[in-house]
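Just so it is clear, none of the values below were taken in a lab; they were calculated from the coordinates. Keep in mind the model is a prediction, meaning the values are calculated, not measured. Quick reminder, even Gly has a Cβ in these numbers, built from the backbone with ideal geometry, and neighbours come from all protein chains shown.
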Ligand code: ADP
Ligand code: ASP
Ligand code: MG
């Protein structure tokens with residue numbers, strides 16, 4: 001029986017009005033938070049709903065730490081972590097499913113499922129203990145168990161509340177490439193899997209509770225989408241299902257003018273464009289995984305970032321266009337970065353050719369460049385990458401340019417890890433004269449030295465690299481100068 005009407009083409013396009021809702025780690029972090037999530041889901045039962053969940057808060061870190069202990073044969077630390085893993089989930093089961101008595105059968109089944117998933121993790125950890133290394137594929141398989149645990153718990157609780165639900169493993173519906181730890185989706189194959197696996201559930205009025213964060217290659221090898229990747233899972237599924245909307249439930253009121261942990265008087269943004277939200281995420285705003293927006297842009301699926309602790313608040317709406325105010329919208333920062341500088345030692349060497357070779361080598365090694373700047377006369381250039389990519393970047397650069405380095409055509413490659421990136425973002429900065437000047441003046445008033453600057457011709461983002469110990473100060477100064485805080489109110493960007 002179809003609960004929702006379908007279009008003539010029968011595909012999920014026909015399942016009009018699909019809502020995808022993603023609950024983050026804090027929103028799944030305890031029995032109370034899961035109850036709140038179920039209240040939110042229950043309010044939307046008039047339309048087909050797909051739920052995507054993160055692991056309970058801190059569980060992915062715990063799983064990764066356990067695998068590191070296994071790699072160095074620290075068996076007692078592995079056992080202690082396994083106990084923590086099991087206890088946290090069993091305790092949540094008990095708190096969720098002890099009352100009323102009718103929930104008892106769901107509790108038994110949930111406890112069994114939890115035990116078997118923890119055993120599965122234990123088996124993989126044991127394999128790593130014996131091998132003494134952590135093959136990326138096994139790591140991905142193991143860490144997705146955090147999401148499999150939370151989706152099982154939530155699905156059981158939904159059932160106990162009288163809402164038909166099924167836990168679905170993301171590896172059954174999201175097809176990816178084989179870049180373990182940072183995989184990318186293959187959308188056509190994913191759409192097909194969603195048609196086969198999710199649409200029949202939706203048509204029967206069942207809520208799929210899909211694990212965020214993970215997928216599998218077309219030949220079935222488990223992958224993950226990068227830390228914080230459940231947002232990305234949700235947007236992949238929203239695009240594959242032609243959803244009407246995506247709601248991302250988190251632990252703050254929406255996307256803010258700066259990281260609320262760094263700046264005291266941040267304001268919540270009512271609206272942002274896809275481009276702005278993507279720039280914010282890409283430049284360090286943890287509230288969204290950097291790749292979340294990409295699958296949604298073409299289909300113009302709107303996204304809401306909302307607070308599961310205060311669901312009545314409107315949150316932030318992310319769309320393709322709206323009447324954009326002038327000036328900057330938000331400031332972000334990134335601390336775990338490194339600046340790599342390269343300079344030809346000899347005029348014989350073409351700087352452009354050197355850049356091309358360096359960029360090519362980095363692309364092949366999957367190293368993402370966050371900022372790139374060059375100076376024309378000395379032909380020197382520098383670029384910012386994530387700290388975790390430094391070793392891989394140096395390896396490929398030094399091997400690809402080994403002759404130039406050995407013969408002294410190229411000066412030794414310099415790495416500066418004592419830097420941070422500040423980014424000012426806003427479509428309304430385009431054609432706003434004087435804004436960059438004000439930003440730089442605000443930073444220099446704090447006696448912070450600017451190491452490098454980058455602004456694309458779209459004028460959507462100004463990236464500024466400063467010393468790491470002055471990064472937070474610079475963020476606060478720019479936030480204030482751009483009039484972004486609550487106190488600034490309508491003075492913003494005047
Ligand atoms: P979830 O577990 O729900 O995915 P995250 O911890 O990944 O949540 O992201 C939410 C957190 O992002 C917030 O608690 C906040 O501290 C942080 N954050 C950083 N920058 C911003 C910003 N510009 N707007 C809102 N939150 C931000
Ligand atoms: N649980 C994963 C992480 O902590 C994915 C997510 O929460 O989005 O990175
Ligand atoms: Mg997140």
Among the residues listed as 271, 312, 298, 276, the single one being within 13 Å of ligand 1 (Cβ to nearest atom) and over 12 Å from the mean Cα position of the chain (by Cα): 276
So if I check each of 347, 285, which one is without any contact (Cβ under 8 Å) to a residue 60 or more places away in the chain and within 16 Å of ligand 2 (Cβ to nearest atom)? 285
Filtered residues of segment 68-100 (kept if under 23 Å from residue 132 (Cα atoms), assigned to a loop (DSSP other than H, G, I, E, B) and in contact with a helix residue (DSSP H, G or I) (Cβ under 7 Å, 6 or more places away or on another chain)): 73
Selected residue (only one of 333, 341, 399 is surrounded by fewer than 18 Cβ atoms within 10 Å (Cβ to Cβ) and within 20 Å of residue 450 (Cβ to Cβ)): 341
Any residue in segment 47-64 that is more than 15 Å from residue 211 (Cβ to Cβ) sitting within a Cβ distance under 8 Å of a residue that is part of a strand (DSSP E or B)? List the pairs, counting only those 6 or more apart or interchain. 47/19; 48/19; 49/19; 49/20; 49/21; 49/207
Per-region count, segment 59-83, residues within 16 Å of ligand 3 (Cβ to nearest atom) and exposed (fewer than 15 other Cβ atoms within 10 Å of the Cβ): 1
Among (1) out of contact with any helix residue (DSSP H, G or I) (no Cβ under 8 Å at 6 or more places or on another chain); (2) assigned to a helix (DSSP H, G or I), the one test that residue 139 misses: (1)
Hey, can you tell me all the residues within segment 229-260 that are assigned to a strand (DSSP E or B) and more than 8 Å from ligand 1 (Cβ to nearest atom)? 245, 246, 247
Report whether or not residue 231 is touching a residue at least 60 places away in the same chain (Cβ under 8 Å) and within 16 Å of ligand 2 (Cβ to nearest atom). yes
Scanning segment 239-253 for residues that are in contact with a helix residue (DSSP H, G or I) (Cβ under 8 Å, 6 or more places away or on another chain) and within 16 Å of ligand 3 (Cβ to nearest atom), which turns out nearest to residue 303 (Cα to Cα)? 246
For segment 385-494, list the helices (runs of 4 or more DSSP H) that sit wholly inside it and hold at least 2 residues that are touching a residue at least 12 places away in the same chain (Cβ under 8 Å); which are they? 390-400, 435-445, 471-481
What residue, of 311, 295, 325, 290, is assigned to a loop (DSSP other than H, G, I, E, B), in contact with a helix residue (DSSP H, G or I) (Cβ under 8 Å, 6 or more places away or on another chain) and within 26 Å of residue 185 (Cα to Cα)? 290
Does residue 237 meet the test of being over 19 Å from the mean Cα position of the chain (by Cα), farther than 26 Å from residue 370 by Cβ and in contact (Cβ under 8 Å) with a residue 40 or more places away in the chain? no
Answer yes or no: is there a residue in segment 259-267 that is within 16 Å of ligand 3 (Cβ to nearest atom) and either within 26 Å of residue 183 (Cβ to Cβ) or crowded, with 23+ Cβ neighbours inside 10 Å (or both). no
For the structure I just gave you, tell me whether residue 103 is in a helix (DSSP H, G or I), under 23 Å from residue 41 (Cα atoms) and in contact (Cβ under 8 Å) with a residue 24 or more places away in the chain. yes
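Return yes or no: is residue 303 within 13 Å of residue 318 (Cβ to Cβ), in contact (Cβ under 8 Å) with a residue 60 or more places away in the chain, within 15 Å of the chain's Cα centre (by Cα) and within 15 Å of ligand 3 (Cβ to nearest atom)?
So residue 303 passes the test.
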